[in-house]
Ligand SMILES: [Zn+2]
């Protein structure tokens, strides 16, 4: 299913729209055209309100895009690769391949966004004053004033010192610089971010029950999003930290159960899926790995055909592209599996199947290490 559409490339960075973006564009346009603008400028007609609403919503997204772009351009100077900028329901995300390398680069990267929004707010303020004094046309002034407001709001909101918001990143880098301990810095600022999320959720529900339904729902949703991002950011750093220096060979299973490609599906189900606990098996033909077969591949085939089909007809040959080497970093193997939605991948050594690593197996080790604090 397509969820993101690439609309442009700016300085070589792909700009993508998440499908949720269209919902929020319509929602903001409607809120502004039916409520905000008619209350501020009661003398205009409905069509003008609609145009003003749509224009304001689009300028809001351009503002968010410029904010994210400024983060991206700064962090790219430190050779961190940017996969793209995605605009979605709660704003924008610049997808970085890795974290900024030093505390200093993190501060500069994080500060660039709010600074950009501040400059935009000032720019719209000056343009707005120009129009008020020389071309006093209410619809244009209304849109520009809205842009001053949203850019100020984006700046202030992002400066809240909870990770992963920009303010939280700045605070994290300051603590990191001061203590030299990025883990503790992330822990502290994630907790602030998480608490801030909880506060927004509570405040949002409070607003809903005191009559501000849409505003309250909005705050609560943003709160859930921030809390999730803060918790996930911390977990992610923790697992990256724990897996650091660990090789695939230390985590892989060596006693392998392989399946021959000529095996009929009914026997695959009886002798493998119903007998062992694995959801997928490496498939070999004359001793060489040719793919993986999973329980989901079998599920797609009607039961009455199981007897006549063999494994070679349904196996997933992507496994050949997604294999790892025993000397690979466990972190890389893990992120490769997460990115491609794979549960288990084969480990190949000189073209020979040496073992299997599983997402669940790695998560298990992370959990034990966290529990035992080793
Ligand atoms: Zn930002």
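Just checking, how many residues over the stretch 60-75 are in contact with a strand residue (DSSP E or B) (Cβ under 7 Å, 6 or more places away or on another chain) and free of Cβ contacts under 8 Å to residues at least 40 places away in the same chain?
Just the residues of the stretch 60-75 that are in contact with a strand residue (DSSP E or B) (Cβ under 7 Å, 6 or more places away or on another chain), to begin with: 61, 64-65, 67-69, 71-72, 75.
Okay, now just the ones that are also free of Cβ contacts under 8 Å to residues at least 40 places away in the same chain, so 75.
Final tally of qualifying residues: 1.
Name the residues in the stretch 23-46 that are under 11 Å from residue 57 (Cβ atoms) and either exposed (fewer than 15 other Cβ atoms within 10 Å of the Cβ) or more than 32 Å from the chain's Cα centre (by Cα) (or both), would you?
Matches in the stretch 23-46: 26, 27, 30.
Which members of the stretch 310-331 meet the condition of being modelled with pLDDT under 85 and exposed (fewer than 15 other Cβ atoms within 10 Å of the Cβ)?
Scanning the stretch 310-331 gives 317, 318, 320, 321.
Among the residues of the stretch 269-279, is there at least one that is outside any helix (DSSP H, G or I), touching a strand residue (DSSP E or B) at 6+ places or on another chain (Cβ under 9 Å) and over 30 Å from residue 100 (Cβ atoms)? Show your work before the answer.
Of the residues in the stretch 269-279, the ones outside any helix (DSSP H, G or I) are 274-279.
Still in the running and touching a strand residue (DSSP E or B) at 6+ places or on another chain (Cβ under 9 Å): 278-279.
Checking which are over 30 Å from residue 100 (Cβ atoms) leaves us with 278-279.
Taking every residue of the stretch 269-279 in turn, at least one turns out to be outside any helix (DSSP H, G or I), touching a strand residue (DSSP E or B) at 6+ places or on another chain (Cβ under 9 Å) and over 30 Å from residue 100 (Cβ atoms).
Filter the stretch 291-309 down to the residues that are touching a strand residue (DSSP E or B) at 6+ places or on another chain (Cβ under 8 Å) and buried (at least 17 other Cβ atoms within 10 Å of the Cβ) and list them by number.
Initially, the stretch 291-309 is screened for residues touching a strand residue (DSSP E or B) at 6+ places or on another chain (Cβ under 8 Å), giving 291-295, 297, 306-309.
291, 292, 293, 294, 297, 306, listed by residue number.
Within the stretch 123-138, does at least one residue satisfy the condition of being more than 22 Å from residue 223 (Cβ to Cβ), assigned by TED's automatic domain parsing to the domain that holds residue 226 and within 16 Å of the ligand (Cβ to nearest atom)?
No, every residue in the stretch 123-138 fails to be more than 22 Å from residue 223 (Cβ to Cβ), assigned by TED's automatic domain parsing to the domain that holds residue 226 and within 16 Å of the ligand (Cβ to nearest atom).
Within the stretch 127-141, track down each residue that is under 39 Å from the mean Cα position of the chain (by Cα) and under 19 Å from residue 49 (Cβ atoms).
Hits for the stretch 127-141 are 128, 139, 140, 141.
Only residues that are away from the ligand (no atom under 14 Å from the Cβ), within 18 Å of residue 17 (Cα to Cα) and at pLDDT 85 or above: list them for the stretch 57-97, please.
Correct list: 57, 58, 59, 60, 61, 62.
The values are calculated or read from the model by the stated rules, or taken from the named source; none is laboratory data. On a predicted model such as this, the values are computed, not experimentally measured, just so you know. Every residue, glycine among them, receives a Cβ derived from its backbone with ideal geometry; neighbour counts consider all protein chains shown.
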